[in-house]
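A.B. asks: Have a look at the structure that comes next, please.
Read-outs: derived from the displayed coordinates by stated rules, not from any lab. A quick note: this is a predicted structure, and the numbers were derived from the prediction, not measured. Note that we place each Cβ from the backbone using ideal geometry, even for glycine, and neighbour counts take in every protein chain shown.
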Amino acid sequence: MTMTVDKKSTDNTLVIFGLTIFISAACMFMVQPMAGWMLLPLVGGAPSGWIVAMAFFQTMLLAGYFLAHLLSRFSPVHHAMLYIGVLLAGLAFLPVKLNGGLLDNMPLPEPVAVFLLLTCALGLPFLALSATSSTVQRLFSGVQHKSSGDPYFLYAASNFGSFIGLWAYPFLVEPYFRLSVQSHMWLGAYVLLIALGCMCLWLAKRQGVAALEKPAAPVTGKAAKTEKRMMWLILSFFPSTLLVGVTGFITTDVISVPLIWILPLSLYLLTFVAAFSQKRIFKLQVLEALMPFVVVGTIMLMIFQVSNIIHVTLATIPLYLFSFTFVALYCHTRLADLRPVEDNRRLTEFYLFLSIGGALGGVVNAFVLPVILNRMIEFPLMMIASTLVLPTIGLKKTSSKIMLGLLALSFLLVHVQPMVLPVGHLQDLRVALFLAMIGCMILPDRKMMLGALVVFMISEFAIAPNALLHITRNFYGVTRVLENHVKRDGKPIVTRTMRHGTTEHGLQILTDEDRTKPTIFFSEAGPLGEVFWAYRPKRVLVVGLGTGTIACHTAPDREFTFIEIDKEVVDVAQEYFTFLSECKSKEPPRLIVGDGRREIEKMEDEVFDLIILDAFSSDVIPTHLLTVEAFASYLEKLSPQGIVASHVSNRYFRLQPALAAVGAEHNLRVIQKMAAEVRDPLGASGHWVLLAQPGVSTEALDKNGWFEARQLDSVKPWTDDYTNLLATLRYFIDAKR
């Protein structure tokens, strides 16, 4: 019997179904950063904790799509009923709370323990959320609505919800609510989702969706079906791997701005919205014709930067984001065209393969490529590889097969030392590269991409920067050691620097008379040198090693302890720099590998006169080191006349108001000094904040230009339950002056 449903009812049905998918997606993208902040003090800020968290959410997303695919064996109504049952079971794990018992007594958190911790706390609720989109779309396919025969447009609502959740958390949730409150708010949204899911089920049954469904017809054309599945997987893999690749590239090789990862992820989500919307703005044929030129233009820009033909600027970020977005939009648009509209019983299978491709892209970039590659080269290589999905290129032609072989060879050549060319020949090669890239633009698609790849390989593997002594990459980023010939006071000198990402983490002058002198941010003429001069500490604890420069603030009765989370930094400091071996104090410096806060909390019966915080990785802020609870740990390890000095030099954030707020909570006097950057590496530079206990005099520093760090009403004390990084942006802080 056919039921008659009025237009208003069907419109309301679309609103309810769309809102359900929107809320579930927003919840997914809000719980991820919330859980990450909860995890931060438990893992001590170890980047591996964040990486494992990302892998956990990707795994649960894949598991959710797999669950929806398994439930699709039942009728749409019974499928939805079982899904709501999983949602209800997830309530037993809410509100979200992470118990760090599994991580106790670990120097650094083990990935398996972090994964199990997240699974026990969030596994079932996130699994249910992940199953929402495909479940609700399948249920919608049976209602009486003009669009029910092609429900894939609801996937646009899912990604738009993800987009809103992504931006809402850092701007509307985190700045105003503590984590405990956020957890209860999220519980409320989860309960609302259950109510909406029940409404979808009720509307579907009311409009005559059958409780039972005839079994699917036998599948024919298995070869064609397998080929289509592979295209689903490949077309979802490339945007995913490019998302991680472009994020790592612009934050490591262009500029390291905290929260900039939101931009590429937002664009990634919007390409899904554009591709799966009922009214398309971008035609597939146009995207297909322009994609080779976009990719070659991007490769040309990278070659020019590697060859120093143009300088890296903020203006290059939009260009890289545009090219990534263009390729992702093409892949997702073609993916939408390949959706199985002819048989909605394959809807859950379609989303399962889409999620497998997305998960593979994330896993390859997070776990495989950092081990294989010693630099951020995957983004350009994957950009070129993505053109193989174009019908005009494909894999059947000889030139395409050669291109695939060269791509594989590129991953092997990254560890081979390239030939160093004389300066004159180097300039000639750069001109030749420029002309070659221009020539590639007039070739047919296959030859254009093959030529661009060859030119890119020459630029990467045949031009060796004379100054590069060492480069390595791990989960903490890319570390480089550079040697430069410069002039100081008209005399030629040789300097050696360590760079982590885009930030210089130490410099040594290699001439005999200056090789043991502290430089740049740590110089004797700078704020830190004044702290050593004023307080003459005997026992010094330093969080963050860098090149070990601070060890050269020597004294006969002084002892240094360094805590460094990255073992590679320790190896580089010992192999390429001599601060640790040549600067003599009472004892050789003690080196501890681990997170600073966790290691300090584990110390027993140890007292220090000075604790130095210098644990910044590029310009990323280790917020867990700057909370009220963290300083409680530091104060327990300070002598009665002990002080804490924090290095807060940063291109994007003013951290002194946050430290002033934390200092007020502990009744500490907080003073600061900012020394302008100078060309002389031995000159005063850097921005330092000193936190002194009651009874500790700061008179000597006051006379030397140190002044009170003013507390701002807009910057509240950071705790393990609350941080507001955006409130410390330089723009907002400077505007209040």
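A.B. asks: Multiply the residue gap between Ala700 and Lys225 by 0.36 nm, knock off their C-alpha separation, and tell me the result in nm, one decimal place.
C.D. replies: Difference between extended and current length: 163.2 nm.
A.B. asks: Could you tell me what percent of the DSSP beta bridges with both partners in the chain are antiparallel, to the nearest 5?
C.D. replies: Bridges in the chain are about 70 percent antiparallel.
A.B. asks: OK, next. Give, in nm to one decimal, the length gained when the segment between Arg651 and Asn667 is fully stretched (0.36 nm per residue of separation minus the Cα-Cα distance).
C.D. replies: 2.9 nm
A.B. asks: Between Thr511 and Val368, what is the spin-label point distance in nm, taking each point 7 Å from the Cα along the Cα→C-beta axis?
C.D. replies: 5.1 nm
A.B. asks: A further question follows. Over 20 Å between Cα atoms, which of Lys567/Lys637; Lys97/Lys637; Lys673/Lys716; Lys397/Lys447 qualify?
C.D. replies: As for pairs spanning more than 20 Å Cα to Cα, those are Lys567/Lys637; Lys97/Lys637; Lys673/Lys716.
A.B. asks: Give me the orientation-averaged projected area of the Cα convex hull of the chain, in nm², one decimal.
C.D. replies: 34.6 nm²
A.B. asks: Picking from Leu613, Ile671, Val341, whose Cα lies most toward the positive end of the charge dipole for the chain (charges on Cβ: Lys, Arg +1; Asp, Glu -1)?
C.D. replies: The Cα lying farthest towards the positive end belongs to Val341.
A.B. asks: Suppose we keep just the alpha-carbon trace of region 515-735; what are its Rg and Dmax in angstrom?
C.D. replies: Values for region 515-735 (Cα only, Rg and Dmax): 16.4, 47 Å.
A.B. asks: Based only on other Cβ atoms within 10 Å, what is the fewest-to-most ordering of Glu530, Glu342, Glu665?
C.D. replies: Fewest-to-most Cβ neighbours within 10 Å comes out as Glu342, Glu665, Glu530.
A.B. asks: Excluding residues fewer than 8 places away in the same chain, name every one of the lysines whose C-alpha is closer than 18 Å to that of Lys279.
C.D. replies: The qualifying lysines are Lys146.
A.B. asks: Still on this structure, please answer the following. How would Trp261, Trp186 line up from fewest to most surrounding beta-carbon atoms within 10 angstrom?
C.D. replies: Going from least to most buried by this count: Trp261, Trp186.
A.B. asks: Which ³J(HN,Hα) values in Hz, rounded to whole numbers, follow from the phi angles of region 656-667 under the Karplus curve 6.51 cos²θ - 1.76 cosθ + 1.60, where θ = phi - 60° and Gly and Pro get x?
C.D. replies: Computed from phi, the couplings for region 656-667 are 4, x, 5, 5, 5, 5, 5, x, 5, 5, 9, 6 Hz.
A.B. asks: To make sure I understand the rule: partners must be aspartates and glutamates, Cα under 20 Å from the Cα of Lys487, and not fewer than 8 residues away in the same chain. Which ones qualify?
C.D. replies: By straight Cα distance, Lys487 reaches Glu504, Asp512, Glu513, Asp514, Glu677, Asp680.
A.B. asks: Now a separate question. Hey, rough spin-label estimate for Arg710 and Asp343, points 7 angstrom out along Cα→Cβ, what's it come to in nanometres?
C.D. replies: Modelled inter-label distance: 7.0 nm.
A.B. asks: Now for a different question. Starting from 0.36 nm per residue, how many nanometres of slack lie between Phe434 and Ala92 once their C-alpha separation is accounted for?
C.D. replies: 117.0 nm
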